[in-house]
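Below: the structure, in structure tokens.
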Ligand code: AMP
């Protein structure tokens, strides 16, 4: 198997160019014989974990070959291993899923029974994540030279963490990474030279963290060559923050003093190493922010910026117009595809259009399998795939080297941390090949209908939430005849919109407060990730738009005019297509918003008492 290159080039005395070449050679190597590498990865995972309880329970009996593995082990979802995960969380340190000690739990933005999923992980996975990160800039510098001559302004944040009853940390994967020595003690590298001091990134108070990162970004504005955040929504939130707080920030730049709301001592000291009184810069920032229009604000304030580094694939594509507006059409670069379960791959053509982005899965990261997805396209943006697989479907899974161009698949991984044939929940389409390794477009997260940030609401959950709210209408002789939903990101933060068509004889009028109660009940029924995002205002209040009688018939007529079959027509539970949204809006009678933030009282999930992440 190709040796992973050193992750810290400057430590090993390599020049930037030499290091870039090493990393690019590694990519050439691993993409040239993915099948052989995948076989070795699987064999390594299975041999080192031969004695773990899970593999013994399924009767793998120490086999490490693909055929036996595929015949013996089921394709699973989170719920199948939840009892094992709960045992580990409760402190059972025996080798249940993995022979290596579990170092922590990664809290995924995916949910199960309304609670975040918890992925056990091991220390060495941090090395694999670092390896993937270390490939990004060598790839990028093939297309944009000179990035080692300036800084990246990245808005990076940690979230609060909790501890499992067994005492292990439970936190999001990025929090884990930023707190690790791989990030904190990184030796000097021109590619990880950020405008944000570590202290600001690691500050748990999101206001203080954002304020100080923005301030440092402004102070170093001429050095900034690239800007970004992990997801598009996070970057837009930073720009919104600037819109609201530029006057305070300018005051600090003018006087060289830091706002007293920044109380974290470490952050204060780190910012004060960068902040110097600069009345000219303050005046410049103020004059730009004061202008009526914020179009091109990124290129105006950070004039040397070459691209915006944010994920705009998947549901994040809804933010492309806003980013284009703020950046005056700078390239939007999606560099990587990753999850709590595993980091998957990189975009080898980062300057391509967002709609053409494809990710090359790095075959050393994990063992990958692909479940073919047969979709019957509807107006909804979700793809429904079976919850559990029958024997035939289990046999349909194909290996990384054998996927077909143009075909869509659900991604299934076997990881070093102890997930075996685990369905990640993402649907990918083969877009092409790098050497012999496939490259995938990210299509969607299966079954997810609504998403504003990293929240993911599926159809079943939405249905349950709507049903729990409609009870408020009963005393008024009203009932819900049809509904659909829409993720409205035209204002920031974006919010969920529900379109409701009611049957109501209007003899008892329905007061607005009842609809507001409906909004709140829907929100309180949604998962904890949604409610947490509401709390820190990454998602705005949910809105219900009441539409005229007959609207959903019109929607059906429209779908049929576009070629949908009358027999198979089903009301889409989420709409995205602009003409349909316009049709619904044109028939709106009234609209109501949730009057307050939903509560966090977590559902009765096994780990609800300790999984509070915020
Ligand atoms: P989490 O486990 O909370 O880190 O979420 C991981 C999920 O985020 C993935 O399974 C994808 O659904 C989504 N995701 C991650 N990277 C990308 C990307 N580059 N494009 C689209 N979706 C992504």
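Rule-based calculations on the coordinates, nothing more; no lab input. Bear in mind that the values here come from a model prediction, so they are computed numbers and not experimental data. Here the Cβ is made from the backbone with ideal geometry for all residues, glycine too, and neighbour counts use every protein chain on show.
Could you give the distance between the Cα centres of the stretch 411-426 and the stretch 27-86, to the whole Å?
About 9 Å separates the Cα centre of the stretch 411-426 from the one of the stretch 27-86.
What relative contact order, as a whole-number percentage, does the chain give when Cα pairs under 8 Å and 6 or more residues apart are counted?
Working: 1184 pairs, mean separation 87.0, N = 614.
The normalised contact order for the chain reaches 14 percent.
Considering only DSSP beta bridges where both residues belong to the chain, give the percentage that are antiparallel (nearest 5). Mind showing how you got there, number by number?
On the way: 54 of 74 bridges.
Antiparallel bridges make up about 75 percent of those DSSP assigns within the chain.
I'd like the antiparallel share, as a percent to the nearest 5, of DSSP beta bridges with both residues in the stretch 466-614.
Antiparallel: roughly 75 percent of the beta bridges in the stretch 466-614.
Tell me, what are the semi-axes, in whole angstrom and largest first, of the equivalent ellipsoid of the stretch 456-614 as set by the roots of 5 times the Cα gyration tensor eigenvalues?
Semi-axes from the Cα gyration tensor: 27, 19, 15 Å.
Write down, largest first, the equivalent ellipsoid semi-axes of the stretch 271-425 in whole Å, where each equals the square root of 5 times an eigenvalue of the alpha-carbon gyration tensor.
42, 19, 13
At 222 nm, what value in deg cm²/dmol follows for the chain if DSSP H runs of at least 4 each add -39500 (n - 2.57) and the sum is divided by all its residues, to the nearest 500?
Estimated from H runs of four or more residues: -10500 deg cm²/dmol.
Sort the following peptides by mean Cβ neighbour count (other Cβ atoms within 10 Å, averaged over residues), highest first: 554-561, 342-349.
Sorting 554-561, 342-349 by mean packing, highest first, produces 342-349, 554-561.
Could you check the simple spin-label distance between residue 44 and residue 387, using points 7 Å along Cα→Cβ, in nm with one decimal?
In this crude spin-label approximation the distance works out to 3.7 nm.
Please work out the Cα center distance from the stretch 345-375 to the stretch 217-260, rounded to the nearest Å.
So the two Cα centres are separated by 33 Å.
Based on the mean of other beta carbon atoms within 10 Å per residue, what is the order of 140-152, 535-547, most packed first?
Packing proxy ranking, top to bottom: 535-547, 140-152.
Using the Kirkwood radius over Cα pairs, work out the Stokes-Einstein diffusion coefficient for the stretch 60-217 at 25 °C and 0.890 mPa s, in µm²/s as a whole number.
133
What is the gain in length, in nm to one decimal, between residue 349 and residue 591 on full extension, counting 0.36 nm per residue of separation less the C-alpha to C-alpha distance?
In short, 82.7 nm is gained.
Normalised by the residues of the stretch 446-592, what does the relative contact order come to in percent, with Cα pairs under 8 Å and at least six apart?
28
Return the Rg/Rh ratio of the chain with Cα-based radii and a Kirkwood Rh. Before the final figure, lay out each step's value.
Values: Rg = 25.0 Å, Rh = 25.9 Å.
The Rg/Rh ratio comes out at 0.97.
Would you calculate the separation in nanometres between label points at residue 288 and residue 21, each defined as 7 Å from the Cα along the Cα-to-beta-carbon direction?
Between residue 288 and residue 21, the label points sit 3.8 nm apart.
If we restrict to alpha carbons, what Rg and Dmax does the stretch 91-138 come to, in Å?
For the stretch 91-138, the Cα-based Rg and Dmax read 13.8, 42 Å.
So for each of 33-41, 496-504, 122-130 I average, over its residues, the number of other beta carbons within 10 Å; can you give me the resulting order with the highest mean first?
My ranking of the peptides, most packed first, is 496-504, 33-41, 122-130.
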